[in-house]
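K.L.:
Input: one structure, supplied below.
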Amino acid sequence: MTDAFAIPAAVAAILLLSLFVGWGAVRRWKPPPRRAVGSRAPAQWRALIEARVPLVRRLGLAEWERLLDLVQTFLREKSFEGVGGVAVTEEMKLIVAAQACLLILNLDAGCYPGVRTVILYPSTFLPRAPAI
């Protein structure tokens with residue numbers, strides 16, 4: 001009977017080892033930084049972001065550069081849609097992007113890779129509870 005359990009036990013051990021090695025590799029993986037070649041954020045962005053997003057006033061120079069890079073990536077990769085009569089302006093896009101990127105400023109997780117579209121509502125959005 002011990003021979004009947006030896007092969008499944010060996011297979012289970014190999015699968016378990018593969019799982020641990022794979023998990024370690026996934027945890028260490030970081031997406032490559034995305035940078036537009038030779039492009040810099042317009043100079044007026046910083047003043048506008050500082051005026052509308054007060055938390056950024058405490059950022060250092062390196063953090064500002066990182067934030068502006070993330071904002072550029074966010075604006076390049078995401079589309080914005082207004083609903084309920086909202087006409088989306090460039091200023092609205094910039095402020096939403098700055099607020100979103102401030103949340104991930106010191107993370108190396110990419111610029112919201114699962115998000116494709118940002119929907120802007122005219123007021124607070126409250127989702128309806130599903131009917132039971």
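K.L.:
How far, in nm, would the chain grow between T89 and F20 when pulled straight, counting 0.36 nm per residue and subtracting the alpha carbon separation? Numbers along the way, then the final one.
P.N.:
Numbers: separation 69, 0.36 × 69 = 24.84 nm, distance 4.78 nm.
Additional length available on full extension: 20.1 nm.
K.L.:
Counting only heavy atoms of protein chains, what accessible area per residue, in Å², does the chain have with a probe of 1.4 Å?
P.N.:
78
K.L.:
How much of the accessible area of the stretch 16-132, in percent, comes from carbon and sulfur atoms when a 1.4 Å probe is used?
P.N.:
Values: 5260 of 8840 Å².
Carbon-and-sulfur percentage of accessible area, whole number: 60.
K.L.:
What FRET efficiency do you get for A47 and R27 if R0 is 41 Å and r is their Cβ-Cβ distance, rounded to the nearest 0.05?
P.N.:
After rounding to 0.05, the efficiency reads 0.55.
K.L.:
Let me ask something else. Can you give the charge dipole size of the chain about its Cα centre, rounded to the nearest 20 debye, using +1 on the beta carbon of Lys and Arg and -1 on the beta carbon of Asp and Glu?
P.N.:
Charge dipole, the chain, about its Cα centre: 240 debye, nearest 20.
K.L.:
Using 15 Å as the cut-off for backbone N distance, which residues of the stretch 69-92 belong to the label zone defined by a point 7 Å from the Cα of R116 along Cα→Cβ?
P.N.:
Label zone hits: 77-81.
K.L.:
Let me ask you something else. Counting residues in the stretch 51-90 as N, plug N into 2.2 N^0.38 Å and put the Cα Rg over that result.
P.N.:
On the way: Rg = 13.3 Å, N = 40, 2.2 N^0.38 = 8.9 Å.
Here the answer is 1.49, to two decimals.
K.L.:
Now a separate question. With unit charges on the beta carbons (Lys and Arg positive, Asp and Glu negative) and the dipole taken about the Cα centre of the chain, which residue among I132, W64, G85 sits farthest to the positive side?
P.N.:
W64
K.L.:
What value, in deg cm²/dmol to 500, does the helix sum -39500 (n - 2.57) over DSSP H runs of n ≥ 4 give at 222 nm once divided by the residues of the chain?
P.N.:
My calculation for the chain gives -17500 deg cm²/dmol from helical runs alone.
K.L.:
Rg to Rh for the chain: what is it, with Cα atoms only and Rh by Kirkwood?
P.N.:
1.23
K.L.:
For the residue pair E65 and A129, what label-to-label distance in nm results when each label sits 7 Å from Cα along the Cα-to-beta-carbon direction?
P.N.:
5.1
K.L.:
Same structure again: Mind giving me the nanometre distance, one decimal, between the label points for L103 and R40, set 7 Å out from Cα along Cα→Cβ?
P.N.:
Once both label points are built, they end up 3.0 nm from each other.
The values are calculated or read from the model by the stated rules, or taken from the named source; none is laboratory data. Keep in mind that what you see is a predicted model, and the values were worked out from it rather than measured. Cβ coordinates were reconstructed from backbone atoms using ideal geometry, including for glycine residues, and neighbour counts include every protein chain displayed. The area values use the complete protein model at the heavy-atom level, side chains included, leaving out ligands, DNA and RNA. Shrake-Rupley method; radii C 1.70, N 1.55, O 1.52, S 1.80 Å.
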